[in-house]
1. Find how much the distance from residue 73 to residue 101 grows on full extension, using 0.36 nm per residue of separation minus their present alpha carbon separation; answer in nm with one decimal.
2. About the Cα centre of the stretch 18-75, what is the dipole size in debye to 20, counting +1 per Lys and Arg Cβ and -1 per Asp and Glu Cβ, all else neutral?
3. Separation between the residue 62 and residue 202 pseudo-spin-labels, each 7 Å from Cα along Cα→Cβ, expressed in nm?
4. Counting trypsin sites (Lys or Arg not before Pro) as exposed when in a DSSP loop with at most 13 other beta carbons within 10 Å, what is the longest stretch of the chain free of them?
5. Find how many whole Å separate the alpha carbon centroid of the stretch 151-184 from the alpha carbon centroid of the stretch 207-236.
6. Quick check: pseudo-label points 7 Å beyond the Cα along Cα→Cβ at residue 256 and residue 309, how many nm apart are they?
7. Is there a pair in 82/178; 25/120; 32/170; 32/82; 77/178; 148/170 whose C-alpha atoms are over 31 Å apart, and which pairs would that be?
8. Using +1 on the beta carbon of Lys and Arg, -1 on that of Asp and Glu, and nothing else charged, what's the dipole of the stretch 31-116 about the Cα centre, debye to 20?
Amino acid sequence: MAPQRSLHPQVAHGSVVIEVEGLSKIYRVADKQPGLSGTLKHFMRRRHRDVHAVRDISFSIAPGEMVGFLGANGAGKTTTLKMLCGLIHPSAGQVVVAGHQPQKRHSDFLRRITLVMGQKQQLLWDLPPMDSLRVNAAVYGISDRDAKRRISELSDLLELGEELTRPVRKLSLGQRMKAELLAALLHQPDVLFLDEPTLGLDVNAQARVRQFLADYNQRTGATMLLTSHYMADITALCPRVLLIHQGHLFHDGPLDRLASRLAPERHVRLELDAPVGAEAFAGLGRLDSCCDCEVNLRVQPDELTAVVAQLLERFEVRDLEVNDPPIDQLIGDLFRQGSV
């Protein structure tokens, strides 16, 4: 299939791999009251209502980018990913991924993408991952020689060894997730859609999966669109973020710029040699807490230098830290506001 015309005139041909313009998805659902009476009324006179899962969103992603896609539960993230993969058809708008219209499910398109969903698995439960990998290789027409080489390379990166020969049901959650990633990447896709790839993993397993994805991006130049409820995934992998709320895309830009816009105050933590009363910090920013020898303040950026100088002059300071508010706290506030 020939590449599609660029949806965004300002974007040069070949400079984007994902283009979305005015994308919307509306589900028509039954409007039924609970209980027996509600069921009888619905049987006699059916009523429906429209649910707008995604509302008129537009964005583009360049080859090799790693982009975070954030939103609260039900915001429309997974629905968007499924439309980008062609699993569901959009109600309105246009989508081009790797030069193809996803909903047509062309074989060349399917060879260039993969979808990893942390809450669902493709590996067969009672068989070892290696058997599923051989099936995947046959589906994609990968020769035995190439399949063996790719499995070896990916298993080394993922630190998988004998786990590939044990039944999936006997693997830990972290081992299963790494095997799922191997299966999803066996055909060497250009575009990765990752929906909660570290869901349920412990801290160490999350870190290993993040490192693998970063290494894979560096080695192959693959484009990644990642959703996650773990902000550590986003901050470690994605310089750029898309934020969606109730189906609307309301932010598209660098993560650090978002943090600076949302953090009008800096956090100052003090550790003192001796306890000091809260009244001693009047006029030195906004006091968050004062417990024994530890004090936490919030200070406006333009007052920070003067306040720190006064703190060091007035008190016996054992330790002092100045930080931005945690990014997950900022994103949580943003979801509650629904706007930037």
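The values are calculated or read from the model by the stated rules, or taken from the named source; none is laboratory data. These figures come from a predicted structure and were not determined experimentally. FYI the Cβ positions are ideal-geometry reconstructions off the backbone, even for glycines, and counts take in every protein chain you see. SASA here: full protein model, heavy atoms, side chains in, ligands and nucleic acids out. Shrake-Rupley method; radii C 1.70, N 1.55, O 1.52, S 1.80 Å.
1. This chain segment gains 7.4 nm when fully extended.
2. 760 debye
3. 4.0 nm
4. The reported range is 121-340.
5. After rounding, the separation between the Cα centres reads 17 Å.
6. Here the answer is 2.7 nm between the modelled labels.
7. On the way: 82/178 22 Å; 25/120 22 Å; 32/170 43 Å; 32/82 27 Å; 77/178 23 Å; 148/170 23 Å.
Exceeds cut-off: 32/170.
8. On the way: 13 positive and 5 negative charges, 105 e Å.
Dipole of the stretch 31-116, to the nearest 20 debye: 500 debye.
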